[in-house]
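Before any comments, here is the structure.
The values are calculated or read from the model by the stated rules, or taken from the named source; none is laboratory data. None of the values given here were measured: they were computed from a predicted structure. All Cβ positions, even for glycine, are placed from backbone atoms using ideal geometry, and neighbour counts span all protein chains on display. Ligands, DNA and RNA are excluded from the accessible area calculation, which covers all protein heavy atoms including side chains. Shrake-Rupley method; radii C 1.70, N 1.55, O 1.52, S 1.80 Å.
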Amino acid sequence: MNLKELPALVRVFAYLSLLTVGGGMAAFPELKVLTVDVHHWLTFPQLIHLYSVGQMAPGPNMMMIVAIGERVAGVAGAAAVLVAFFLPTAVLAYFVGRLWVRLARWPWRASIQRGLAPVSVGLVLAGCLTIARGALTGWVTVATAAAVFVLLLRTRLNPALLVLCGALVGLAALGGK
Amino acid sequence: MAGPDGALVPRAVSLGEIFRTFLLIGATSFGGGVVAYLRASLVGKHAWLDDTEFVELLSISQTLPGLNATNMAILVGDRLRGWRGAAAAIVGVCLPGALLMFVVGVLYGEHGDRPHVDAMLRGVAAAAVGLILATTVQLGRKSLSHAADLVFVALTAVVVDLLKWSVPAALGAVGALAILWYRPKRSVEGPRP
């Protein structure tokens, strides 16, 4: 437990929160750089593990940041990260949300929404590539990812259930070493 | 207290009701599709919004930084009961997942390096990549309609992933380009704000 890291945790996660355009995944490349390469709070495989487990949790899908805060500075770290990550965008959504409704007839409003849509998909895609490079390490993991991808696009299975099945595949096929 | 636009003054909803509703969404929305849970509860069960308002608030949520679930909590909470409603909604929707991931963090710290746990988590990570890619494709199908969109998607992914640009730089460059591409069509009175 390291309370001296609290200011750095707050800085990093307040910054990351502002990058989540289109979804939490958009912040993943910089989440990796800042938590793994710059501050050494955890390793890349550890980050991927926590992020993946977080996909099974209910609610906003970036709650895994709480586990990073806990890891670095216990309860205080978890609370600091939670506030740093959710307060800035909450305040922004509150004020800009009110303004945005009033700007309903401003022609550029539609242009901004329309223009940012593909950019946010691109940001999320870049996040996917970052995590895929770390998580897909052999044919078993590639096949698992491909199977989940196809099943989710073709069926209405609950994604959390499929991610949980990944644990069984891992235990059966990756446990030998 | 409704929004300053006065667009909607729903029946009085108590702060406790807002908190409990979002707490339930935060505790049950397994599988990442939190938008579907929000719609079922806010539009379906409680009728606090109609479908048009829901889509309108969702489009604002998606344009702003922040997660859909928390931005929707702020916007809907604000509509129902001003800033207190917004605070009740976001705390409710975050609380269950935050507690759960805190426990996960503690357990991972204690048992994360056991070989069996490591093997399971590598399988979970592989499955999560499939899930995240599928979510991205679904997001793309919903919001992309023009050939130019694919160029902007690819350009953004390339500058962030290969050229290692920061997200603000990518937003500033590719975002500005895309907004200009979709600039308002010149009408009789011109694109005056």
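A few notes on this one:
- The residue pairs whose first member lies in the range A:149-177 and is at pLDDT below 90 and in a helix (DSSP H, G or I), whose second member is open to solvent by 20 Å² or more (accessible area, probe 1.4 Å) and not polar (S, T, N, Q), and whose beta carbons are closer than 6 Å, counting only pairs six or more residues apart or on different chains, are A:PRO159/B:GLY32; A:ALA160/A:MET56; A:ALA160/B:PHE30; A:VAL163/A:MET56; A:ALA173/A:VAL140.
- Selected residue (only one of B:GLY109, B:GLY82 is at positive phi and over 19 Å from the mean Cα position of the chain (by Cα)): B:GLY82
- Matching residues, the range B:21-57, being over 17 Å from the mean Cα position of the chain (by Cα), surrounded by 18 or more Cβ atoms within 10 Å (Cβ to Cβ) and polar (S, T, N, Q): B:THR21
- Taking the criterion of being open to solvent by 20 Å² or more (accessible area, probe 1.4 Å), facing chain B (nearest Cβ under 9 Å) and not in a loop (DSSP other than H, G, I, E, B), the residues of the range A:42-59 that qualify are A:PRO45, A:GLN46, A:VAL53.
Yes or no, residue by residue, for (1) at pLDDT 95 or above; (2) open to solvent by 20 Å² or more (accessible area, probe 1.4 Å):
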residue: A:HIS40; (1), (2): yes, yes
residue: A:ASN61; (1), (2): no, yes
residue: A:VAL75; (1), (2): yes, yes
residue: A:ALA78; (1), (2): yes, no
residue: A:THR89; (1), (2): yes, no
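- Test result for B:GLY109, among the small types (Gly, Ala, Ser) and buried (at least 20 other Cβ atoms within 10 Å of the Cβ): no
A quick yes/no check of all residues on (1) of a type in the set (Lys, Arg); (2) at negative phi; (3) more than 7 Å from chain B (Cβ to nearest Cβ):
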site: A:ALA84; (1), (2), (3): no, yes, yes
site: A:ALA117; (1), (2), (3): no, yes, no
site: A:ALA126; (1), (2), (3): no, yes, no
site: A:ARG133; (1), (2), (3): yes, yes, yes
site: A:ALA146; (1), (2), (3): no, yes, no
site: A:LEU161; (1), (2), (3): no, yes, yes
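- Positions within the range B:152-170 being more than 8 Å from chain A (Cβ to nearest Cβ), open to solvent by 40 Å² or more (accessible area, probe 1.4 Å) and part of a helix (DSSP H, G or I), in sequence order: B:VAL158, B:ALA169
- Condition check for A:SER111: modelled with pLDDT under 95, polar (S, T, N, Q), assigned to a helix (DSSP H, G or I) and within 12 Å of the chain's Cα centre (by Cα): no
- Only residues that are under 28 Å from B:PRO168 (Cβ atoms) and touching a residue at least 24 places away in the same chain (Cβ under 8 Å) were counted across the range B:39-61, and they come to 0.
Condition check ((1) polar (S, T, N, Q); (2) closer than 12 Å to A:GLN46 by Cα; (3) free of Cβ contacts under 8 Å to residues at least 12 places away in the same chain; (4) open to solvent by 10 Å² or more (accessible area, probe 1.4 Å)) across all residues:
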{"site": "B:VAL104", "(1), (2), (3), (4)": "no, no, yes, yes"}
{"site": "B:ALA119", "(1), (2), (3), (4)": "no, no, yes, no"}
{"site": "B:ALA125", "(1), (2), (3), (4)": "no, yes, yes, no"}
{"site": "B:GLY130", "(1), (2), (3), (4)": "no, no, yes, no"}
{"site": "B:LEU139", "(1), (2), (3), (4)": "no, no, yes, yes"}
{"site": "B:LYS142", "(1), (2), (3), (4)": "no, no, yes, yes"}
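- Evaluation of B:VAL91 against (1) of a type outside the set (Lys, Arg); (2) over 17 Å from A:PRO45 (Cβ atoms); (3) free of Cβ contacts under 8 Å to residues at least 24 places away in the same chain; (4) more than 7 Å from every other protein chain (Cβ to nearest Cβ) (one fails), failing number: (3)
- Matching residues, the range A:128-159, being under 19 Å from B:PHE30 (Cα atoms) and hydroxyl-bearing (Ser, Thr, Tyr): A:THR155
- Candidate set: the range B:49-77, residues that are at pLDDT below 95 and more than 20 Å from B:SER143 (Cβ to Cβ); chosen: the one nearest to the other protein chains (Cβ to nearest Cβ): B:LEU49
- Yes/no for A:VAL10 being open to solvent by 10 Å² or more (accessible area, probe 1.4 Å), touching a residue at least 12 places away in the same chain (Cβ under 8 Å) and among the β-branched types (Val, Ile, Thr): yes
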